[in-house]
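In what follows, a structure is listed as structure tokens, so that the remarks can point back to it.
The values are calculated or read from the model by the stated rules, or taken from the named source; none is laboratory data. Computed from a predicted model, the values in this text were never measured in an experiment. For neighbour counting, all protein chains shown are included, and Cβ atoms are generated from backbone atoms with ideal geometry for every residue, glycine included. Just so you know, the surface numbers come from the protein's heavy atoms only, side chains and all, with ligands and any DNA or RNA stripped out. Shrake-Rupley method; radii C 1.70, N 1.55, O 1.52, S 1.80 Å.
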Amino acid sequence: MKRREFMALIGGAAAAWPLAVRAQQALPAIGFLHEGLPAPLSLTTAFQQGLIEAGISAGSSLRIENRWAEGQYDRLPALAVDLIEHRVGIIVALYLVAAQAAKATTQTVPVVFITGSDPILAGLVPSLSRPMSNLTGVAFMFTRLGEKNLATLHELVPKAKVVGALVNPNNPNAEPQARDLQAAARALGLKLIILAAGNDRDIDDIFPTARERQAEALLVTADGLFFGLPDKLATLAARHALPTFYPLSDYARAGGLISYGANLSESWRQAGIYVGKIMKGTKVTDLPIIQPTKFELVINMKAARALDLDVPAHLQQLADEVIE
């Protein structure tokens, strides 16, 4: 999607993206390369706040170019090339596969990524403290949380002996995440079934399929496509009465049962700060990879009551937020 389409999606006016977009710009154009669907306003607002904190004022002239793969990850290389051809000065890559496409496309244009993966293992940077290339960003390390998340889901739904894991087969993280979850499931005495969804349409079939395969609970893995669908996933889980664990608080706030992970809005804000610093002259190599200092546990008690689940008192005490 082009810039005009993006503006329409988040409200169609400068009020929705307060950094005014004008024909004459004094600052480098920002190109967003997104794996999934248009980001919710809460995330774009957080990014804009980061720009302001970095000293890019709300009245600054910015050109925004957006390219959305909408879950079709094989489109990302061509979309990255298109951004370069439109002479963007900075690329914001959301998330891992987009960052890999941006890295393969340019060695000169600064790239600020947000990823749930270990950026060293993913081949994005050689060092967290000194990126040593044109890439830096925020790594919220969701892919390391599979074992803990499955254990927490087991505490919440101890009677569930068959658990589904929703993965995106187009994501290079899908296989290692599934492998780690299988090992964790064996240690807990659970049977894990892998449920694959590579696009928005596939997700419609996931919950009926999970029930057909006798899954009694579900864990959603970290993926850029899934990040853009909190309302849909929470609604489907409620409709099919399937206790579901999510990697982002956005899902729990959309009606999902429980989530654990870093705050995605905070990651977008931090990415905005880095983009603003680069615009003001900071070298990419002087910006270390940002890692989360805190993960948040969010429990939706309304969803728990609808599923007739008793949430253990110690989980409620551990929760950073309990939604009544």
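Could we say that residue 170 is outside any loop (DSSP other than H, G, I, E, B), within 18 Å of the chain's Cα centre (by Cα) and either in contact (Cβ under 8 Å) with a residue 40 or more places away in the chain or surrounded by 24 or more Cβ atoms within 10 Å (Cβ to Cβ) (or both) here? In short, no. The single condition among (1) within 25 Å of residue 197 (Cα to Cα); (2) touching a Gly at 6+ places or on another chain (Cβ under 9 Å); (3) at pLDDT below 95; (4) open to solvent by 20 Å² or more (accessible area, probe 1.4 Å) that residue 235 does not satisfy is (3). So, in segment 62-87, exactly how many residues are at pLDDT 95 or above and among the polar types (S, T, N, Q)? Residues flagged as at pLDDT 95 or above and among the polar types (S, T, N, Q) within segment 62-87 amount to 1. Looking across segment 45-79 at every residue that is within 26 Å of residue 203 (Cα to Cα) and assigned to a helix (DSSP H, G or I), the one that is farthest from the chain's Cα centre (by Cα) is identified as 78. Could you count how many residues in segment 110-136 are touching a strand residue (DSSP E or B) at 6+ places or on another chain (Cβ under 9 Å), assigned to a loop (DSSP other than H, G, I, E, B) and either touching a residue at least 60 places away in the same chain (Cβ under 8 Å) or not aliphatic (A, V, I, L, M) (or both)? Final tally of qualifying residues: 10.
For segment 179-187, the criterion of a residue being touching a helix residue (DSSP H, G or I) at 6+ places or on another chain (Cβ under 8 Å), touching a residue at least 12 places away in the same chain (Cβ under 8 Å), open to solvent by 10 Å² or more (accessible area, probe 1.4 Å) and not in a helix (DSSP H, G or I) is satisfied by no position.
Pick out the one residue from 298, 311, 275 that is open to solvent by less than 20 Å² (accessible area, probe 1.4 Å), assigned to a loop (DSSP other than H, G, I, E, B) and touching a residue at least 24 places away in the same chain (Cβ under 8 Å).
Exactly one of 298, 311, 275 is open to solvent by less than 20 Å² (accessible area, probe 1.4 Å), assigned to a loop (DSSP other than H, G, I, E, B) and touching a residue at least 24 places away in the same chain (Cβ under 8 Å), namely 311.
When restricted to residues that are open to solvent by 10 Å² or more (accessible area, probe 1.4 Å) and closer than 30 Å to residue 55 by Cβ, segment 238-272 contains 6. Filtered by the rule that a residue be assigned to a helix (DSSP H, G or I) and loosely packed, with under 15 Cβ neighbours inside 10 Å, segment 189-201 gives a lone residue, 201.
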